[in-house]
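The values are calculated or read from the model by the stated rules, or taken from the named source; none is laboratory data. Since the structure is predicted, the reported quantities are computational estimates derived from the model, not experimental observations. Note that each Cβ is placed from the backbone with ideal geometry, even for glycine, and that neighbours are counted across all protein chains shown.
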Amino acid sequence: MVVICGIILVIVLLFFYLLNTARKKTPPPSTTGKKDYTPVYVSIADKPDSIMRGMDKFVAEVQKTESAGDKWRWIPLIIFFIGVGLTAIDGLLFALGYVSFIFTIGAICLWLASFIMARSLRKSDSKDFSPRYFGTKEILHTLRDDLKPGATFLGHLDLTGAMLQTKVARETKDTRDRTTQHFSDTWLSLKAKLYDGNVLRISATQKTKNRKSYWKRSSISGKMKMKPEKFKGSEQELKVRIVVNPEAYEVRPSANFKPGQNIGKYTIAEVNTDGGIINILAKSPFEDIGQEHILGFLKSAYSLLQRKAA
């Protein structure tokens, strides 16, 4: 009787587990409370239309692979119920006075196979693409009409993760010898020669701080305990560099574009116009900065330029 109850319990648990894994889930948030996205790195070194077509093709291929996997998602449940049918045969034989576990052993093997298959299908689920992926495509689409005829974009889109160990810029320690890692993730870098003769450079960087885990002695029990790592916040930096075409423009200060001025979600930190080259640094505490904020900032930066009379 105990064996039968145990088998029934296993059946129920596997049923709910497989039912749960048969449905596609949204990936849980990371330890920093942010959603995980598909890691992507795009090298930008082509004409705008070619880059955007390549980005669309990549998304379509990922979605096609995902759809193909969905066709197999219910197979583990089918295998599971076949195993239930095999245990029912042993149950019927037991009711007729025969003690047999042959079919039950076969059912356990099928359940194990369905468990492994369900796990594999669940791991194959792709994550969503970051809004920055589609936002960058929108930036390229907007700027393409401003490019010099025949010119290409140069740069990269790095969405592989803001807190990779390869992106640790430096480490600091506080008075309690706790280590904080400072990450620097330049997720967007773009260079373009424009129709008006100016050369535009853009770089968007996410600066993140994360305190590493450490050992601490409890003041109550006196035992050493491991304290988990702690996310210490992040900020966005936008650097804009415009090499001005002296034949078309002259640089003039603007009262509406100076350090401390808020432009959308950005705050201007530095403005330098020496040598006919405009260098701007802006910062933002916001995580969700979309392409409209970057494009709006670029438009405001052009207020420092005055076109020369023909």
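Where strands (runs of 3 or more DSSP E) fall wholly inside the stretch 226-282, the ranges with 2 or more residues that are over 27 Å from R211 (Cβ atoms) and β-branched (V, I, T) are 230-243, 266-272. For the residues G155, G135, the requirement of being touching a strand residue (DSSP E or B) at 6+ places or on another chain (Cβ under 7 Å) and either of a type outside the set (S, T, N, Q) or without any contact (Cβ under 8 Å) to a residue 12 or more places away in the chain (or both) singles out G155.
You will find that of K207, K216, the residue that is touching a strand residue (DSSP E or B) at 6+ places or on another chain (Cβ under 6 Å) and closer than 23 Å to N279 by Cβ is K207 and no other. Residues in the stretch 208-225 that are among the aliphatic types (A, V, I, L, M) and assigned to a strand (DSSP E or B): 1 in all. Here A248, A282 are screened, and the one residue that is small (G, A, S) and over 35 Å from the mean Cα position of the chain (by Cα) is A248.
Test K225 against the criterion of being under 29 Å from F134 (Cβ atoms), among the basic types (K, R) and assigned by TED's automatic domain parsing to the domain that holds D177, and give yes or no. For K225, the condition - under 29 Å from F134 (Cβ atoms), among the basic types (K, R) and assigned by TED's automatic domain parsing to the domain that holds D177 - is not met. Taking the criterion of being closer than 17 Å to T172 by Cα, touching a residue at least 24 places away in the same chain (Cβ under 8 Å) and part of a strand (DSSP E or B), would at least one residue in the stretch 197-207 satisfy it? Among the residues of the stretch 197-207, at least one is closer than 17 Å to T172 by Cα, touching a residue at least 24 places away in the same chain (Cβ under 8 Å) and part of a strand (DSSP E or B), which makes the answer yes. Residues in the stretch 165-175 that are part of a loop (DSSP other than H, G, I, E, B) and out of contact with any strand residue (DSSP E or B) (no Cβ under 8 Å at 6 or more places or on another chain): 1 in all.
With respect to R252, is the statement that it is under 22 Å from S300 (Cβ atoms) and touching a helix residue (DSSP H, G or I) at 6+ places or on another chain (Cβ under 8 Å) true?
Spelling it out, R252 is indeed under 22 Å from S300 (Cβ atoms) and touching a helix residue (DSSP H, G or I) at 6+ places or on another chain (Cβ under 8 Å).
Determine if the stretch 122-133 includes at least one residue that is over 30 Å from D46 (Cβ atoms) and assigned to a helix (DSSP H, G or I).
Yes, the stretch 122-133 contains at least one residue that is over 30 Å from D46 (Cβ atoms) and assigned to a helix (DSSP H, G or I).
D146 passes every criterion in (1) at pLDDT below 75; (2) of a type in the set (D, E, K, R); (3) over 23 Å from the mean Cα position of the chain (by Cα) apart from (1). For the stretch 292-310, a residue qualifies if it is over 34 Å from the mean Cα position of the chain (by Cα) and under 17 Å from N272 (Cα atoms), and the qualifying residues are L304, L305, Q306. Restricting attention to the stretch 152-166, the residues that are buried (at least 19 other Cβ atoms within 10 Å of the Cβ) and over 11 Å from the mean Cα position of the chain (by Cα) total 3.
Does P228 fit the bill of being farther than 19 Å from Q291 by Cα, exposed (fewer than 13 other Cβ atoms within 10 Å of the Cβ) and either among the small types (G, A, S) or within 33 Å of the chain's Cα centre (by Cα) (or both)? Before you say what the answer is, go through the steps one by one.
Details: farther than 19 Å from Q291 by Cα: yes; exposed (fewer than 13 other Cβ atoms within 10 Å of the Cβ): yes; either among the small types (G, A, S) or within 33 Å of the chain's Cα centre (by Cα) (or both): yes.
Considered against the rule, which asks whether it is farther than 19 Å from Q291 by Cα, exposed (fewer than 13 other Cβ atoms within 10 Å of the Cβ) and either among the small types (G, A, S) or within 33 Å of the chain's Cα centre (by Cα) (or both), P228 comes out as yes.
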